[in-house]
Amino acid sequence: MAHRKSFSGRDLGIDLGTANTLVYVRGEGIVLNEPSVVAVNAVGGEVISVGTDAKSTIGRTPSHVVAVRPLRDGVIADFDMAERMLAHFIRKVAGNRRRFSRPRVVVCVPAGITSVERRAVVEAATTAGARQVYLIDEPMAAAIGAGLPVSEPVGSMIVDIGGGTTEVAVISLGGIVTARSVRTAGDAIDAAIANYVKREHTLVIGERTAEEVKMAIGSAAPAGYWPDGLGLLDRELEEDLGAAADGPMDDASDAAGPRGGREADPESSVGLVTAVGSTPEGEQRCRIRGRDQVSGLPKTLELETAQIRHAINDPVEMIIDAVRQTLDSCPPEPAGDIMDHGIVLTGGGALLPGLDARLSSAFDIPVIVADSPLDCVAVGTGKCVENYEALRTVMDATPNSYLAYKG
Ligand SMILES: Nc1ncnc2c1ncn2[C@@H]1O[C@H](COP(=O)(O)OP(=O)(O)O)[C@@H](O)[C@H]1O
Ligand SMILES: [Mg+2]
């Protein structure tokens, strides 16, 4: 690899996501996949760690260390940190590869960011050594990565559910026909879980625990829920969502958790979520640890899937609503294509069980989860660097979705 002759062999595609950053190296594939997190010294301002190392410090940091997610809500919340994080990842990938410098870089950014923020990303990549920087919108990269026929005269719908934003777009002939970007995605689902356990069980948990609960037992629809025989299943879902509000709740205090929490920090110990089997209906249960809001003491709590489904219903509905609005604003012909070919889900949120079924039943349209949904955007930017000339035609056709700058 170090001896690769062609300059373009070192071109990079970067998925600068609100939750995760992935780097694709031309000819090699995805070589880096780390959380978009920077740990900073609040006093001196210096960067302590970036990526995986920094994420493990969230919620456990000593008071002078702050873990920052520079792109948190799909906008660049912290300009300077975003720049440093991007530079860190580019340097890390360049690492010991000789003559890696001055690559051409395609960066995928959330569609909602402003032109000032776009320029900041370009500057950051340029500062980090890029010869030329191209920006590509997340839904376009996701669609390319998911293998949709973006250049053909066929309407395709892509729904990319990330950490901070859900991006919905209808793509045809290499351009975006209509799109929505909403700030309701994985983080909002985590927050809904944390709010639920606080409201219903006076238990304070951190965002990492909430995310782990979502991944362990989260679901957007009961097992077996699918649009065939819609009416009955819809009623079942309603009952399920209503019943979960006052559903069973075991307050198994102080079971099996490793080490009692030693301080106020609700995430101060390892092993945030423990699986504890399933309910008779075949749904999952888990045990979590947090701090009781009333007593201030560490407490454990058992949760089951139906409760989480209830807890996250609002953000799930908001995601469904973004899809509805996009379908509403879609011209009839591409809409017809979508009815035939279905909606494709990408991003980590696509892994939430039952979300595909909920969307499918809401619109009576087939919904397909892309293969490796967390990688689609990086693979899409990768296809751009692998096949730069083909990308150019797509770029020319969509001047608003792509901004090219010369370094
Ligand atoms: N198995 C899973 N079930 C539900 N959500 C998941 C799962 N795996 C990852 N996620 C969520 O996906 C989001 C990250 O997705 P990603 O596409 O990397 O986001 P971004 O593009 O914004 O960086 C996070 O909110 C994470 O909690
Ligand atoms: Mg993404």
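A short reminder: the numbers here are calculations on the coordinates, not readings from a lab. In this text, all values refer to a predicted model and were calculated from it rather than measured experimentally. Glycine also receives a Cβ, built like all others from the backbone with ideal geometry; neighbour counts cover every protein chain displayed.
Put simply, the amide H of I136, placed in the peptide plane, has neighbours under 5 Å in V107, C108, V109, leaving out anything fewer than 5 places away on its chain. Look at the Cα gyration tensor of region 134-235: its axes a ≥ b ≥ c give a/c of at least 1.5 with a/b at or below b/c, and that counts as oblate.
For region 18-96, the Stokes-Einstein estimate of translational diffusion at 10 °C and a viscosity of 1.306 mPa s comes to 123 µm²/s, using the Kirkwood hydrodynamic radius over alpha-carbon pairs. In a DSSP loop and with at most 14 other Cβ atoms within 10 Å, the trypsin sites (Lys or Arg not before Pro) in region 262-370 are R262. May I ask you to derive the FRET efficiency for E28 and V116 from their Cβ-Cβ distance with R0 = 22 Å, giving the value to the nearest 0.05? Using R0 = 22 Å, I get an efficiency of 0.10.
The residues packed around I193, meaning those with a beta-carbon under 13 Å from its beta-carbon, carry a net charge of -3 if Lys and Arg are +1 and Asp and Glu are -1. Exposure proxy shown here: for C376, C330, the number of other Cβ atoms within 10 Å sets the order, fewest to most, as C330, C376. Here, region 77-204 is characterised by an Rg to Rh ratio of 1.08, where Rg is the alpha-carbon radius of gyration and Rh the Kirkwood radius.
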